[in-house]
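> One structure, as structure tokens, below. Some questions next.
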Amino acid sequence: MIQFKLILIAILGFLASTTYLNAQEKPNIIFLLSDDQTSIATGCYGNDQVVTPNMDKLASDGVMFLNHYNTTSICMANRVNILTGMYEYKTGCNFMHGDLKPEKLDKSYPVLLQEAGYFTGFAGKVGFEMDTTETDKIKDKLPVGYFDMWAGGPGQTLYKTAKNPGIAKYAEKYPHSTRAYGAWANDFIKEAKKSGKPFCMSISFKAPHLPFTPDKYFDHIYEGEKYKKPANYGAKNAKHLSAQAKSGRQYNAYNFWRESEESYQEAITKYNQLIYGVDYAIGMIRKSLKEQGMDENTIIIFTGDNGYSCGAHNLAGKVLPYEEASKSPFIIYDPWAPKAKRGLKRETVTANIDIAPTILSYAAIDIPKNMDGVNLLPLIEKPEGIKREVIALTNMWGNDEIQAMSVVSKDWKYIYWQYSDERMKSTARTFQHWKRSIGNE
């Protein structure tokens with residue numbers, strides 16, 4: 001009789017554990033996006049003058065991708081590329097090129113996850129508009145009804161929490177929007193837990209995009225810091241660049257990066273302080289997951305929508321195919337991964353178009369054939385997990401169809417300018433070194 005009871009207890013225990021595993025087999029997924037954060041503005045990517053403890057912890061707990069590129073280095077296009085896993089020329093969505101058609105969004109990772117039973121939410125800078133009139137899912141040209149919880153905003157959004165309707169209720173405690181998005185995330189996680197469904201939460205921070213208006217709560221973080229300039233800073237390191245690179249706003253505007261030592265120090269301090277705010281919000285989110293008992297089943301993906309030049313090659317912003325402008329931090333944390341698979345670094349080139357296929361793969365959802373990116377889970381498993389040597393970049397801004405097309409590998413980048421110029425550069429070791437040029441640069 002005792003033996004029978006022991007067998008019965010064992011069977012019941014097995015069934016209970018099986019039920020738990022079945023309930024947990026769909027992981028929660030959090031996607032976090034900063035705005036204009038170049039990868040070298042992160043401690044774990046080798047910058048010893050910035051303070052990013054939560055990004056660094058995410059990297060030590062997960063996998064860091066060292067050669068991650070944004071296929072079109074401008075906000076509007078890249079955000080849609082991330083959602084859809086497609087290149088800009090297929091989405092048709094970019095400044096002065098067009099808004100996003102609903103049929104493209106229908107194949108995006110948040111929509112496909114919701115259709116598969118996920119509780120979904122979005123907060124922050126949307127960065128694009130829908131190409132359609134009002135519907136039950138679209139309000140003021142924003143995809144409000146495509147999510148279970150919504151705190152997104154039009155245009156660039158604003159740093160003042162009170163000026164963003166979706167998060168205005170957090171303004172008294174968190175007057176700066178970056179921490180307010182962390183507070184919204186806490187409420188979303190609670191609601192997702194109540195739903196009993198796996199969840200996908202996407203937050204697109206405004207920081208560190210211009211205007212550089214950091215949270216005063218963090219004024220002490222970089223007090224008294226004097227930053228080193230990059231080795232390729234200034235006009236003397238721009239002589240070899242193509243004429244096209246010097247013809248737009250990135251070279252002729254945002255002069256605070258090069259006017260004086262004082263203006264540079266002020267700009268880089270505010271830029272880094274804005275990034276610290278994002279880092280703090282990541283810490284808020286991880287704390288909330290732990291408090292709700294959901295930290296062991298939630299994947300966290302962090303990246304930036306594009307890089308930022310910060311005075312390198314005398315350039316100020318993004319849009320160009322050079323390393324500082326086209327490269328962003330990219331980290332994936334999977335709590336299910338064994339310890340041997342944590343704190344890893346991968347050198348294979350990856351791109352923003354890989355994010356949607358990877359998210360869908362985590363959720364065991366088939367990847368639509370229209371997606372250009374690939375599932376990165378095999379690469380996380382082993383260094384040669386995907387057979388990719390190069391990725392293509394397309395750079396366009398303004399009215400022209402395209403300005404530059406590039407092919408980049410781990411060590412080299414070839415840049416073809418639509419108008420009479422081309423360039424081959426080395427990406428090895430640092431952003432600063434050019435090993436070989438061809439064409440008429």
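The values are calculated or read from the model by the stated rules, or taken from the named source; none is laboratory data. Keep in mind it's a predicted model, so treat the numbers as computed, not measured. For neighbour counting, all protein chains shown are included, and Cβ atoms are generated from backbone atoms with ideal geometry for every residue, glycine included.
> Answer with yes or no whether Y254 is aromatic (F, W, Y), at positive phi and touching a helix residue (DSSP H, G or I) at 6+ places or on another chain (Cβ under 9 Å). It would help to see each step written out before you state the result.
On the way: aromatic (F, W, Y): yes; at positive phi: yes; touching a helix residue (DSSP H, G or I) at 6+ places or on another chain (Cβ under 9 Å): yes.
Yes: the conditions hold for Y254.
> Now for a different question. Which count do you get for residues in region 110-138 that are of a type outside the set (S, T, Y) and not in a loop (DSSP other than H, G, I, E, B)?
Narrowing region 110-138 to residues of a type outside the set (S, T, Y): 110-117, 119, 121-131, 134, 136-138.
With not in a loop (DSSP other than H, G, I, E, B) added as a condition, the list becomes 110-115, 119, 121-125, 130.
The number of residues fulfilling the criteria is 13.
> When you go through (1) at pLDDT 95 or above; (2) touching a Gly at 6+ places or on another chain (Cβ under 9 Å) one by one for S242, which number turns out not to apply?
Tallying (1) at pLDDT 95 or above; (2) touching a Gly at 6+ places or on another chain (Cβ under 9 Å), S242 fails exactly one: (1).
> A further question on this structure: Taking interchain pairs and intrachain pairs at least six residues apart, which have beta carbon atoms under 7 angstrom, with the first residue in region 53-69 and more than 9 Å from L344 (Cα to Cα) and the second among the acidic types (D, E) and not in a strand (DSSP E or B)?
P53/D279; N54/D279; M55/D279; L66/E347; N67/E347
> For region 214-232, name all the residues that are crowded, with 18+ Cβ neighbours inside 10 Å and in a loop (DSSP other than H, G, I, E, B).
First pass over region 214-232, keeping only residues crowded, with 18+ Cβ neighbours inside 10 Å: 214-215, 218, 221-222, 230, 232.
Scanning region 214-232 gives P214, D215, I221, Y222, P230, N232.
> Can you name every residue in region 328-385 that is within 27 Å of K90 (Cβ to Cβ) and among the basic types (K, R)? Outline the logic, then answer.
As a first pass, look at region 328-385 and keep what is within 27 Å of K90 (Cβ to Cβ): 328-332, 346, 348-380, 385.
If the condition is that a residue be within 27 Å of K90 (Cβ to Cβ) and among the basic types (K, R), then R346, K369 are the ones that fit.
> OK, next. So the check is Cβ under 8 Å with 6+ separation or different chains; which pairs have a first residue in region 189-210 that's more than 22 Å from K125 (Cβ to Cβ) and a second one that's in a loop (DSSP other than H, G, I, E, B) and aliphatic (A, V, I, L, M)?
K193/M294; P198/A363
> Criterion first (at pLDDT 95 or above and surrounded by 23 or more Cβ atoms within 10 Å (Cβ to Cβ)) does K125 satisfy it? Steps first, please.
Details: at pLDDT 95 or above: yes; surrounded by 23 or more Cβ atoms within 10 Å (Cβ to Cβ): yes.
When the stated conditions are applied, K125 passes them.
> Got a sec? Which of A267, A325, A316 is modelled with pLDDT of 95 or more and of a type in the set (A, V, I, L, M)? First the steps, then the outcome.
Values: A325 fails: modelled with pLDDT of 95 or more; A316 fails: modelled with pLDDT of 95 or more.
Step by step, each of A267, A325, A316 is checked, and only A267 is modelled with pLDDT of 95 or more and of a type in the set (A, V, I, L, M).
> Would it be correct to say that K107 is basic (K, R) and part of a helix (DSSP H, G or I)? Steps first, answer last, please.
Details: basic (K, R): yes; part of a helix (DSSP H, G or I): no.
No: the conditions fail for K107.
> Please go through region 284-334 and give me each residue that is assigned to a loop (DSSP other than H, G, I, E, B) and more than 21 Å from V50 (Cβ to Cβ), ordered by number.
Filtering region 284-334 down to residues assigned to a loop (DSSP other than H, G, I, E, B) leaves 292-294, 305-311, 313-322, 328-329, 334.
Q292, G293, M294, N314, V319, L320, P321, D334 - these are the residues of region 284-334 that are assigned to a loop (DSSP other than H, G, I, E, B) and more than 21 Å from V50 (Cβ to Cβ).
> Taking the stated definitions as given, is Q418 in contact with a Phe, Trp or Tyr (Cβ under 9 Å, 6 or more places away or on another chain) and modelled with pLDDT under 95? Walk me through it before giving the result.
Working: in contact with a Phe, Trp or Tyr (Cβ under 9 Å, 6 or more places away or on another chain): no; modelled with pLDDT under 95: yes.
So Q418 fails the test.
> Need at least 1 residues that are touching a Lys or Arg at 6+ places or on another chain (Cβ under 9 Å) and of a type in the set (S, T, N, Q) per element, so show me which strands (runs of 3 or more DSSP E) inside region 335-416 make the cut, counting only ones lying wholly within it.
Ranges flagged: 404-408.
> Here's something else I'd like to know. Which numbered condition trips up Y264, out of (1) surrounded by 16 or more Cβ atoms within 10 Å (Cβ to Cβ); (2) in contact (Cβ under 8 Å) with a residue 60 or more places away in the chain?
Evaluating Y264 over (1) surrounded by 16 or more Cβ atoms within 10 Å (Cβ to Cβ); (2) in contact (Cβ under 8 Å) with a residue 60 or more places away in the chain leaves (2) as the failure.
> Testing F431 on (1) surrounded by 13 or more Cβ atoms within 10 Å (Cβ to Cβ); (2) assigned to a loop (DSSP other than H, G, I, E, B); (3) of a type in the set (A, V, I, L, M, F, W, C); (4) at pLDDT 80 or above, one condition comes back false. Which one is that?
(4)
Residue-by-condition table, conditions (1) in contact with a Ser or Thr (Cβ under 8 Å, 6 or more places away or on another chain); (2) assigned to a loop (DSSP other than H, G, I, E, B):
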| position | (1), (2) |
| --- | --- |
| A151 | no, no |
| I189 | yes, no |
| K194 | no, no |
| M201 | yes, no |
| P211 | no, yes |
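> Can you list the helices (runs of 4 or more DSSP H) found entirely within region 1-103 that contain at least 3 residues being at pLDDT 95 or above, of a type outside the set (V, I, T) and surrounded by fewer than 24 Cβ atoms within 10 Å (Cβ to Cβ)? Step through it out loud before you land on a result.
Values: elements: 2-24, 53-61, 75-84, 88-91.
Filter on region 1-103 gives 53-61.
> Just to be sure, is S177 in contact with a Lys or Arg (Cβ under 7 Å, 6 or more places away or on another chain), surrounded by 16 or more Cβ atoms within 10 Å (Cβ to Cβ) and modelled with pLDDT of 95 or more?
Details: in contact with a Lys or Arg (Cβ under 7 Å, 6 or more places away or on another chain): yes; surrounded by 16 or more Cβ atoms within 10 Å (Cβ to Cβ): yes; modelled with pLDDT of 95 or more: yes.
For S177, the condition - in contact with a Lys or Arg (Cβ under 7 Å, 6 or more places away or on another chain), surrounded by 16 or more Cβ atoms within 10 Å (Cβ to Cβ) and modelled with pLDDT of 95 or more - is met.
> Condition first: polar (S, T, N, Q) and closer than 24 Å to D56 by Cα. Now tell me which residues in region 297-319 satisfy that. Working first, answer last.
Going through region 297-319, the residues polar (S, T, N, Q) turn out to be 297-298, 303, 306, 309, 314.
Hits for region 297-319 are N297, T298, T303, N306, S309.
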